[in-house]
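Below is one structure; the comments refer to it alone.
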Amino acid sequence: VQLQAYGGGLVQAGGSLRLSCAASGRTLSSYAMGWFRQASGKEREFVVGINWSGRTTYYADSVKGRFTISKDNAKNTVYLQMNSLNAEDTAVYYCASARTGIPGRLIDEYDYWGQGTQVTVSS
């Protein structure tokens with residue numbers, strides 16, 4: 001299983017970015033997906049998760065109302081639309097495939113990870 005995350009970059013505060021995560025070797029229609037992030041010097045933290053069908057989502061309080069996760073099972077790809085970005089969103093963002101169809105907030109609930117994509121928000 002391989003997850004390829006891309007779409008990161010440098011953006012000004014208040015701007016938007018869209019991350020994508022393309023999967024191969026696993027059919028995402030049967031598994032939940034999640035996005036985590038890790039800022040420099042901090043632990044990796046849960047950002048958002050989406051269940052196997054794409055109908056149920058879970059957001060960290062820090063991104064609720066600003067970030068939107070979506071899943072295109074036909075393309076085996078997950079997206080993270082990030083709006084109203086601020087400096088606290090600066091981090092390496094990782095997509096991950098859950099062990100089941102239900103996304104969790106814990107790292108151990110995911111068994112495959114993408115390589116990470118850097119998001120830098122300038123203030």
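The values are calculated or read from the model by the stated rules, or taken from the named source; none is laboratory data. All values reported here derive from a predicted model rather than from experimental measurement. Cβ sites come from the backbone with ideal geometry, for glycine too, and all protein chains shown count toward neighbours. Heads up: the accessible areas ignore ligands, DNA and RNA and are worked out on the full protein's heavy atoms, side chains in. Shrake-Rupley method; radii C 1.70, N 1.55, O 1.52, S 1.80 Å.
Filter segment 14-26 down to the residues that are surrounded by 14 or more Cβ atoms within 10 Å (Cβ to Cβ) and assigned to a loop (DSSP other than H, G, I, E, B), then identify the one that is modelled with the highest pLDDT. Per the criteria, the residue is G15. Scanning for something open to solvent by 40 Å² or more (accessible area, probe 1.4 Å) and assigned to a strand (DSSP E or B), does segment 81-94 turn up at least one residue? Checked segment 81-94: at least one residue is open to solvent by 40 Å² or more (accessible area, probe 1.4 Å) and assigned to a strand (DSSP E or B). Each residue in segment 98-123 was checked for being touching a Leu at 6+ places or on another chain (Cβ under 6 Å) and under 15 Å from Y58 (Cα atoms), and 0 of them qualify.
Residues that are acidic (D, E) and within 18 Å of D108 (Cβ to Cβ) within segment 42-67 comprise E43, E45, listed in sequence order. Checked against (1) surrounded by 14 or more Cβ atoms within 10 Å (Cβ to Cβ); (2) assigned to a strand (DSSP E or B); (3) more than 11 Å from the chain's Cα centre (by Cα), L10 meets all criteria but (1). Looking across segment 95-123 at every residue that is hydroxyl-bearing (S, T, Y) and in a strand (DSSP E or B), the one that is farthest from the chain's Cα centre (by Cα) is identified as S122. Restricted to segment 32-63, and to residues there that are more than 13 Å from the chain's Cα centre (by Cα) and charged (D, E, K, R), the residue that is most open to solvent (accessible area, probe 1.4 Å) is R55.
S29 satisfies every condition listed in (1) farther than 24 Å from G9 by Cβ; (2) open to solvent by 60 Å² or more (accessible area, probe 1.4 Å); (3) modelled with pLDDT under 95; (4) not aromatic (F, W, Y) except (2).
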